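Notes to accompany the following structure.
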Amino acid sequence: MSETAGTLRALLDLRRTAAEHAYGSDPEQTAELYLPDGDGPRPVCVALHGGFWKARYTHRHLRPLCALIARRGWAVWNLEYRRVDRRGGWPATWEDLGAGIDALAGLDAPLDLDRVVALGHSAGGHLALCAAARPGLPAGAPGAAPRVRLRAVAALAAASNLEATRSFLAPGGAVHDLMGVTPEEAPDERFALGNPIHRIPLGIPALLVHGTEDTTVSVRRSREWVEAARVAGDTVELVEFPGEHRAVVDPRREPALIAPRWLDEFR
């Protein structure tokens, strides 16, 4: 059986055994824990879904990819968070990112918290890079002082620079909705703290995967982020493929295997 052929069956099996956990009092502050068969402790992959940080997109979007990753021996923490139209945006979404990952330390599950990585797609790729940058945040910033630190991060078709697309910054644009203001209007350091291009270097290995035919988030964003990270001394890899935005999270397609195979180095 090929690596992708058994994904649907694995998803059905894992959904029967996946446990939902709350990491806060808000209905959006939940996560699904996928545990593969066998003895632990298991390395953990934190999965972060995309969707322009909007509520109509949920963690269900990543379930097939979570199943594929769990089949490779990972425990997968499929994290939901408050989105812009569900009491989210700055700073709530970043607070959930930190609290949701740190909640791993309180689970009664066979997890190896010295082997935790993050994988995110699109807006979730933005959040994955923000999660990797948590150790460098100043005291009091949303998500600062992590209890659980990442060993590596994979960002797929990531919105890695919130300030790069002017149309997203205008009122009604996705980034304006997320941050509440434009960079010029910001009354604080929210763009400096919440935009991954400003949080380099990460200090951990990073992989960026991006389709050259992506019309949702341009491949230029990943190229620019990788160039800046390399200049800053980070260990970072960029893999481009001839495909569109969602190919990297569809386990029936080869690009979806790029990040799981890379993450196996840290398992």
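List every residue pair whose Cβ atoms lie under 6 Å apart, where the two residues are 6 or more positions apart in sequence or sit on different chains, the first residue falls within region 23-52 and is over 19 Å from Asp108 (Cβ atoms) and of a type in the set (Asp, Glu), and the second residue, located anywhere, is open to solvent by 20 Å² or more (accessible area, probe 1.4 Å) and modelled with pLDDT under 95.
Glu28/Arg86
Applying the selection to region 19-40, what residues are part of a loop (DSSP other than H, G, I, E, B) and of a type outside the set (Asp, Glu)? Walk me through it before giving the result.
Restricting attention to region 19-40, the residues satisfying the condition of being part of a loop (DSSP other than H, G, I, E, B) are 23-29, 35-40.
Passing the criteria: Tyr23, Gly24, Ser25, Pro27, Gln29, Leu35, Pro36, Gly38, Gly40.
Among the residues of region 216-265, which ones are of a type outside the set (A, V, I, L, M, F, W, C), in a loop (DSSP other than H, G, I, E, B) and more than 16 Å from the chain's Cα centre (by Cα)?
Hits for region 216-265 are Thr216, Ser218, Gly233, Asp234, Thr235, Pro242, Gly243, Glu244, Pro251, Arg252, Arg253.
What residue, among those in region 158-173 that are without any contact (Cβ under 8 Å) to a residue 60 or more places away in the chain and under 17 Å from Thr215 (Cβ atoms), is least open to solvent (accessible area, probe 1.4 Å)?
Gly173
Contact list please: Cβ distance under 7 Å, first residue in region 227-243 and more than 18 Å from Ala154 (Cβ to Cβ) and open to solvent by 70 Å² or more (accessible area, probe 1.4 Å), second residue outside any strand (DSSP E or B) and not small (Gly, Ala, Ser), pairs at least six apart or on different chains.
If the second residue must be outside any strand (DSSP E or B) and not small (Gly, Ala, Ser), the pairs left are Pro242/Thr212; Pro242/Glu213.
When region 205-256 is examined, which residues are found to be over 20 Å from Ala164 (Cα atoms), β-branched (Val, Ile, Thr) and touching a helix residue (DSSP H, G or I) at 6+ places or on another chain (Cβ under 8 Å)?
Correct list: Val236, Val239, Val248, Val249.
Working only within region 21-34, note down all residues that are aliphatic (A, V, I, L, M) and open to solvent by less than 60 Å² (accessible area, probe 1.4 Å).
Selection gives Ala31, Leu33.
If I filter region 69-93 down to residues being within 22 Å of Asp114 (Cα to Cα) and among the hydrophobic types (A, V, I, L, M, F, W, C), which single residue comes out as surrounded by the fewest Cβ atoms within 10 Å (Cβ to Cβ)?
Going through the qualifying residues, I end up with Ala75.
Mind counting the residues in region 198-224 that are of a type in the set (A, V, I, L, M, F, W, C) and within 20 Å of Pro255 (Cα to Cα)?
So the answer is 6.
Given the criteria outside any loop (DSSP other than H, G, I, E, B) and more than 17 Å from the chain's Cα centre (by Cα), does Ala192 qualify?
When the stated conditions are applied, Ala192 passes them.
The values are calculated or read from the model by the stated rules, or taken from the named source; none is laboratory data. Keep in mind it's a predicted model, so treat the numbers as computed, not measured. Using ideal geometry, Cβ is built from the backbone for each residue, glycine included, and neighbour counts are taken over all protein chains shown. Accessible surface areas use protein heavy atoms only, side chains included; no ligands, DNA or RNA. Shrake-Rupley method; radii C 1.70, N 1.55, O 1.52, S 1.80 Å.
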